[in-house]
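First up is the structure itself, then whatever we jot down about it.
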Amino acid sequence: MGGTIAKMIDVGMRVGVLDLTSGEPTPHGSESIRQAETASATEALRLTWRGNAGLTNRKLQATLEARELLASFFRMLRPRWLFAPYWMDAHPDHVAATELVEAARFWAKLSKTDMPGDRFHPERIYYYFCIHLRLAVQPGWIVDISDHWDQKIASVMAYESQFITGRPTEPPTMIDRVRDDAAYWGKLINRRFGEPFATKEPLAIDSLRDLI
């Protein structure tokens, strides 16, 4: 959802990203490489805030301890909306992350707790589509990111050790697939590029003029 993030920031919204893990180990990365890549991606999107929960990559679980940690971030940061991976995916960490976000959203509003900050309940959880998702899922809506494609692809290419190094160089490359996916979603809304989202709760709009 990098294009959507860039678009939100362009209209004056504040957007933060909380990485749940360092992303390591990976075949071609390291802790220092990933930190530098994260800094580059953060700069490309001009994020308002970025942090890391320090949980363990490849072993992510929606434990009570992790739930309390994430709920504490929500109470301190007080985000209006949360974005999490689509709830069905091939990557176990992505599925665990979504379960964790959903549970922590509820816990963040609890009283009589040792968690820092005042009780807080984010209004909504929205779900973005993950790169490992291999299902023909119907999105709830698609965001036009045509004007923010350059920022999106720059943020993806910042993670060179993950998406470029050691991968096939013959088309379609990983970057080609990211572009093709965005073009497919854009085509469905008669735009150049798009990003799909889903929700488990119904949405409300003030006017049909908001639709394109």
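Just a few scattered comments:
- From phi via Karplus (6.51, -1.76, 1.60), per-residue ³J(HN,Hα) for segment 80-97 in Hz, x at Gly/Pro: 6, 10, 10, 10, 9, x, 3, 5, 10, 7, 7, 8, x, 5, 5, 5, 5, 4
- Residue-wise HN-Hα coupling along segment 130-147, computed from phi with Karplus coefficients 6.51, -1.76, 1.60 (Hz; x: Gly, Pro): 8, 6, 8, 5, 10, 10, 8, 8, 7, x, x, 7, 10, 8, 6, 10, 3, 7
- Segment 23-91 and segment 122-184: distance between their alpha carbon centers, rounded to Å: 17 Å
- Across all Cα pairs in segment 1-77, the calculated P(r) in 10 Å bins from zero up to the longest distance comes to 16, 41, 36, 6 percent per bin.
- Gain on full extension, evaluated as 0.36 nm per residue between PHE120 and ASN190 minus their Cα-Cα distance, stands at 21.3 nm.
- Convex hull volume of segment 72-212 per residue (C-alpha atoms, cubic angstrom): 153 Å³
- Annotation for segment 118-177: trypsin sites (Lys or Arg not before Pro) lying in DSSP loop with at most 11 further Cβ atoms inside 10 Å of their Cβ are ARG134.
- Solvent-accessible area, 1.4 Å probe, carbon plus sulfur percent, for the chain: 52 percent
- Whether segment 100-145 is rounded, prolate or oblate, judged on the alpha carbon gyration tensor where a/c under 1.5 counts as rounded: prolate
- Of the residues LYS200, LYS7, LYS112, the one with the largest accessible area comes first in the ranking LYS112, LYS200, LYS7, computed with a 1.4 Å probe on protein heavy atoms.
- Accessible-area value, ILE33, 1.4 Å probe, nucleic acids and ligands omitted, Å²: 70 Å²
- Partner aspartates and glutamates for LYS200 [C-alpha distance under 15 Å; skip if fewer than 8 residues away on the same chain]: GLU99, GLU102, GLU123
- Interchain or long-range residues, amide H under 5 Å from VAL17's placed H: TRP49, ARG50, GLY51
- Against the criterion of solvent-accessible heavy-atom surface with a 1.4 angstrom probe, ARG50, ARG78 sort, most first, into ARG78, ARG50.
- Counting only DSSP beta bridges whose two residues both lie in the chain, roughly 40 percent are antiparallel.
- Residues of segment 167-198 falling in the label zone of SER146, defined by backbone nitrogen less than 19 Å from a point 7 Å along Cα to beta-carbon, are 179-197.
- Whole-Å semi-axes of segment 140-191's equivalent ellipsoid (Cα gyration tensor): 23, 13, 8
- Between ALA62, TYR86, PHE74, the Cα set farthest toward the positive side of the dipole of the chain (charges on each charged residue's Cβ, about the Cα centre) is that of PHE74.
- Put simply, the amide H of ILE145, placed in the peptide plane, has neighbours under 5 Å in PHE193, GLY194, GLU195, leaving out anything fewer than 5 places away on its chain.
- The residues of segment 96-212 expose on average 64 square angstrom of accessible surface per residue, using a 1.4 Å probe on protein heavy atoms.
- Each stretch of four or more DSSP H residues adds -39500 (n - 2.57); spread over every residue of the chain, this sum gives -12000 deg cm²/dmol at 222 nm.
- For the options PRO25, PRO92, PRO168, a Gaussian network treatment of the chain with springs between C-alpha atoms closer than 10 Å singles out PRO168 as fluctuating the most.
- Cβ-based charge dipole, the chain, positive-most Cα from LEU18, ALA154, GLY29: LEU18
- 11 Å reach of a label modelled at LEU211, 7 Å along Cα-to-Cβ, counting backbone N of segment 142-156: none
The values are calculated or read from the model by the stated rules, or taken from the named source; none is laboratory data. If you're wondering where the values come from, they're calculated on a predicted model, not measured in any experiment. Cβ coordinates were reconstructed from backbone atoms using ideal geometry, including for glycine residues, and neighbour counts include every protein chain displayed. All accessible areas refer to the heavy atoms of the entire protein, side chains included, with ligands and DNA or RNA removed. Shrake-Rupley method; radii C 1.70, N 1.55, O 1.52, S 1.80 Å.
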